[in-house]
Amino acid sequence: MQRELSDAELLAAEPECSSEPEGTELCEGDDHTLSKSSESESDQTGHGTDKAACSGHEQSSIQLSLSGNRTDSQCEGSSIKRRRQDNRIPLERFDRKYLSVTDLSRQAWCEQQVVYGMELPHIQQLRDEVPVVKTGSSIHLARELEIQDVVPINIESQEDSWGVKLLNFLSMIQFLQTGECVRELPVFGELEGIFLVGVIDELCYNSSGELELHELKTRGQPTLPRAAQRKSYHLQVSVYKLLFEAMIKGQLNKDTIIHHLHLQTERSFGSEVIAYAQKIGLSVNTFGGLLDLIFLNLMYTEIPTVDILKIEYCYQADASVIGTEVVCFEEEWVKKELKYYCSFWKGQREAKGVDIEEAWKCRTCDFADICQWRKKKAEEAAEKNQANHRK
């Protein structure tokens, strides 16, 4: 009979690839949600390419091991140590004006992993190139192209980049109002004092006239995810619902956007953004003017709240549907989770890694070799075992 591993042995074990690398699923197809590691460079540099969504019916709108190179690991450890001596809150330390909803869902998987991903961005960039991640993104794009075209737009400033997002949102809201389905709908707003940004995969009406929010998750294995993975997804779609409904109810205002994003309201848009606005029937030249137009439209737009949350799991190999899960929206739970995860970004507590019961997550973590949380928990478990042996 195989001996059962103690807590200390479990945490100290070398990470290995499992047959189903759950840790990678948090990245599959999620690059569209504007996380720091995957959002377009235009939001950071003010130059690049963004996309406008225009539908066929005229809708506008592997484990990356760090082992094997001890010198690199030591350098990375020193770099992290220096950053941790910085007394600024995490939002300021990592130069974040806002968070993506995916950032929060990744925290639900492993908060310490999120921190390492920001401290060592080159590792996250390597992960974004993994075939399983690219395949997930391709499936998302194929779904989007079923009802709308994606048109690249050259942008010249951060105001341009946000202008495209706002124009996409406004045009899609118009089609939602007429009962049509929309995909890749940008949502944003302030929750727990932090500005959050996300992209809803799909909003559509069912045969009963109820508005459904659909989230697509692609998987490398033709099986449904574990409970730990589903928890992070439930949080993600629930926050989408909160953000979307705050927007259509008029709970988001112009001052909140300007305060968090530090954008210039009087700055003129680039020529391609102005042309895109004209294409969807709008005459607007500045970011501030577009904000005014957005909130004016929302004031007179009648869009229902989201009735049903659904997550569809899709097998990457052939894009077949594995299963669909209906998520029960529990507002009290969602707000409690939000308060807890946002408290880290506001500097109210330290980052937390996984508990011993979920140490299996470390097997597919890119940062397992250098994780101080993992090391600390292994030492605590070893001391506990030694104390038990002495009794």
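Derivation of every value follows stated rules applied to the coordinates shown; laboratory data play no part. Nothing here was measured: the structure is a model prediction, and the numbers come from that model. We place every Cβ from the backbone using ideal geometry, glycine too, and count neighbours over all the protein chains shown.
How high is the relative contact order of region 148-290? Use alpha-carbon pairs under 8 Å, at least six apart in sequence, and give a whole percent. The normalised contact order for region 148-290 reaches 27 percent. Between Phe195 and Leu99, the built amide H atoms are under 5 Å apart, and every one of these is 5 or more places off in sequence or on another chain.
With 0.36 nm allotted per residue and the present C-alpha distance subtracted, the Leu296-Ala227 stretch has 20.6 nm of extension available. In this rough spin-label picture, where each label sits 7 Å from Cα along the Cβ direction, the Tyr205-Glu358 distance is 3.9 nm. Exceedance of the 19 Å cut-off in Cα-Cα distance is limited, within the set Lys51/Lys241; Lys241/Lys361; Lys231/Lys361; Lys310/Lys336; Lys165/Lys254, to Lys51/Lys241; Lys241/Lys361; Lys310/Lys336. Proximity of backbone amide H atoms, modeled 1.01 Å from N, is registered between Val327 and Leu309, Lys310, Ile311 at under 5 Å, excluding neighbours fewer than 5 places apart on the same chain. For Phe269, the amide hydrogen comes within under 5 Å of the amide hydrogens of Thr286, Phe287, counting only partners 5 or more places away or on other chains and with H modelled in the peptide plane. The listed peptides 321-329, 195-203, 274-282, ordered by packing as a protection proxy, come out as 195-203, 274-282, 321-329 (highest mean of other Cβ atoms within 10 Å first). Dipole orientation for region 249-357: of the candidates Leu338, Ile311, Ile258, Ile258 has the Cα lying most toward the positive pole (charges on Cβ; Lys, Arg +1; Asp, Glu -1).
Rounded to whole numbers, the Karplus 3J(HN,Hα) couplings from phi for region 378-386 are 5, 5, 5, 5, 5, 5, 5, 5, 5 Hz, using 6.51 cos²θ - 1.76 cosθ + 1.60 with θ = phi - 60°, and x at Gly and Pro. List the residues of region 173-197 whose backbone N lies under 13 Å from a point placed 7 Å from the Cα of Thr256 along the Cα-to-Cβ direction. 187-197, by backbone N distance to the label point.
Provide the gained length on full extension for the span Glu266 to Asp318, in nm with one decimal, where the gain is 0.36 nm per separating residue minus the Cα-Cα distance.
Contour length minus Cα-Cα distance gives 13.9 nm.
According to the Cα-based calculation, Rg over Rh for region 199-250 is 1.04, with Rh computed by the Kirkwood formula.
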